[in-house]
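Report on the following structure.
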Amino acid sequence: MNPDRPDQTHSGSNNDGSTEGFFGRLLATFFGGEDPDREKRRLLKNLTKELKRRKSKLYKPSNEEAGVGIAKFFFDIYRVVAPAQAILQNASESGGVKSIVIDSFLSEEQRELRERFSEDTIRERSKSTETKALAEELRQTMINFFGSFDSNKVKEINGLYNQLLLLLQFIQFDYYMVLKKFDASLNEGDQAHKPKFEPISAEYIIDDLKDFLEVALPLDPSADWDKVLDVLQTYRGVEVISRPAWKKVMQAVKEMRDSELFPMIIQHVEKEPFWKPMVRIPNEKIVEAYLNALKTSTEGTMQKILTERKNLKVDQLCRQVFGFLLPQLRRNALTGSNQAS
């Protein structure tokens with residue numbers, strides 16, 4: 001007989017398989033066993049109790065209703081970031097932003113070294129310096145400039161740029177589409193409109209909450225956001241976000257994160273107590289690409305100067321050898337052109 005078959009019956013206590021199965025079920029009764037469904041039900045029950053205990057205006061667990069408190073939370077953020085959404089739409093792909101970030105860390109000495117790589121400066125030096133000597137001079141300057149970027153400075157630069165990307169992805173979250181679900185009459189970008197939010201089924205915004213947590217949880221409310229806003233102000237020429245208002249947004253994000261309410265709502269509605277939020281954390285490294293681009297640009301300028309000098313020498317040589325023939329060649333060319341017409 002096979003004791004592992006579920007349709008097999010047993011009698012007596014001499015069957016080891018039956019005894020082990022009996023004691024296994026007995027232990028599971030007392031200690032919970034390894035039943036994942038049972039653990040899931042227990043966690044969901046505790047989750048419901050916790051949500052009821054909080055009596056939050058954001059969510060009613062009894063009918064899985066998203067309250068107007070959630071809409072107000074998003075609307076308060078939307079009013080602050082909406083003006084910046086359009087003017088910063090392509091900032092995350094902008095080479096100008098990267099340059100501004102790097103430039104903000106350069107000392108005066110580094111700025112002077114970098115200026116020597118500009119095409120105007122190189123051309124001015126080429127007027128009084130032989131090509132070979134100029135190339136060696138630029139090589140030494142480049143070694144000094146590149147060497148001034150130690151590991152700490154590189155880490156700080158990349159850190160600020162990635163912090164800026166966190167802010168940009170938070171700004172570009174589609175707050176309007178979330179708010180539209182609570183008030184269908186809301187017009188995008190209409191700051192004067194007084195919204196009339198109504199409670200809705202939380203099921204309609206679960207994906208929105210997940211997407212929001214991806215961009216909100218990585219933010220550090222205690223970080224120095226002034227440096228990031230300084231970069232964006234330099235990039236666009238205006239203050240893109242009110243700094244006092246941004247501090248209030250960061251405080252609201254901190255309170256939301258500390259409460260863990262949004263993940264709990266998602267777990268409760270989807271009946272998935274083991275669900276954990278994903279986060280989007282950029283890890284860009286912009287210094288190496290910046291230095292490589294500077295090197296390529298400098299080499300390109302030198303190559304152009306070298307080509308121009310070679311062409312000039314050829315032209316001068318042609319004039320020396322064939323200069324006396326040029327007037328006659330021009331006359332012949334003009335005569336041939338007139339005859340053809």
Here the residues within the stretch 246-281 that are assigned to a helix (DSSP H, G or I), of a type outside the set (A, V, I, L, M) and over 24 Å from the mean Cα position of the chain (by Cα) are SER259, GLN267, HIS268, GLU270
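Residue-wise test of (1) out of contact with any Phe, Trp or Tyr (no Cβ under 9 Å at 6 or more places or on another chain); (2) of a type in the set (D, E, K, R).
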residue: PHE182; (1), (2): no, no
residue: LEU186; (1), (2): no, no
residue: GLY189; (1), (2): no, no
residue: ASP208; (1), (2): no, yes
residue: ASP211; (1), (2): no, yes
residue: ASP220; (1), (2): yes, yes
Picking from GLN89, GLN163, the residue that is closer than 27 Å to GLY237 by Cα, modelled with pLDDT under 95 and polar (S, T, N, Q) would be GLN89
Filtering the stretch 258-278 down to residues that are exposed (fewer than 13 other Cβ atoms within 10 Å of the Cβ) and touching a residue at least 60 places away in the same chain (Cβ under 8 Å) yields LYS271, PHE274, MET278
With the first residue restricted to the stretch 112-137 and required to be farther than 16 Å from LYS295 by Cα, and the second required to be outside any helix (DSSP H, G or I), Cβ contacts under 9 Å at 6 or more apart or on different chains are ARG125/ARG116
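Rundown of residues vs (1) within 20 Å of TRP225 (Cα to Cα); (2) touching a helix residue (DSSP H, G or I) at 6+ places or on another chain (Cβ under 7 Å); (3) among the small types (Gly, Ala, Ser), yes/no style:
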| site | (1), (2), (3) |
| --- | --- |
| ALA252 | yes, yes, yes |
| MET256 | yes, yes, no |
| GLU260 | no, no, no |
| ILE281 | yes, no, no |
| VAL287 | no, yes, no |
Checked pairs for the stretch 293-310, first closer than 11 Å to SER118 by Cα and in contact (Cβ under 8 Å) with a residue 12 or more places away in the chain, second exposed (fewer than 15 other Cβ atoms within 10 Å of the Cβ) and of a type in the set (Asp, Glu), C-beta under 6 Å and 6 or more apart or across chains, list as THR301/GLU119
Within the stretch 74-106, the count of residues that are under 24 Å from ASN158 (Cβ atoms) and free of Cβ contacts under 8 Å to residues at least 40 places away in the same chain comes to 5
Original post:
What do you reckon, is SER126 surrounded by 17 or more Cβ atoms within 10 Å (Cβ to Cβ) and either of a type outside the set (Lys, Arg) or not assigned by TED's automatic domain parsing to the domain that holds GLN85 (or both)?
Top reply: yes
Apart from one, (1) modelled with pLDDT of 95 or more; (2) over 16 Å from ASN162 (Cβ atoms); (3) surrounded by fewer than 19 Cβ atoms within 10 Å (Cβ to Cβ) all hold for SER222; the odd one out is (1)
Has the stretch 181-204 got at least one residue that is in a helix (DSSP H, G or I), over 21 Å from ASN292 (Cα atoms) and small (Gly, Ala, Ser)?
yes
Scanning the stretch 87-124 for residues that are of a type in the set (Gly, Ala, Ser) and part of a helix (DSSP H, G or I) gives ALA91, SER92, GLY95, GLY96, SER99
Exercise for the section: Determine if the stretch 230-245 includes at least one residue that is assigned to a helix (DSSP H, G or I), loosely packed, with under 13 Cβ neighbours inside 10 Å and acidic (Asp, Glu). Expected result: no
* Asked: Among the residues of the stretch 157-168, is any surrounded by fewer than 16 Cβ atoms within 10 Å (Cβ to Cβ) and part of a helix (DSSP H, G or I)?
  -> yes
When every residue in the stretch 37-73 that is free of Cβ contacts under 8 Å to residues at least 60 places away in the same chain and within 26 Å of TRP246 (Cβ to Cβ) is compared, the one surrounded by the most Cβ atoms within 10 Å (Cβ to Cβ) is GLY69
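The values are calculated or read from the model by the stated rules, or taken from the named source; none is laboratory data. Source: prediction; values computed, not measured. Don't worry about glycine lacking a Cβ; one is built from the backbone with ideal geometry, like all the others, and counts go over all protein chains shown.
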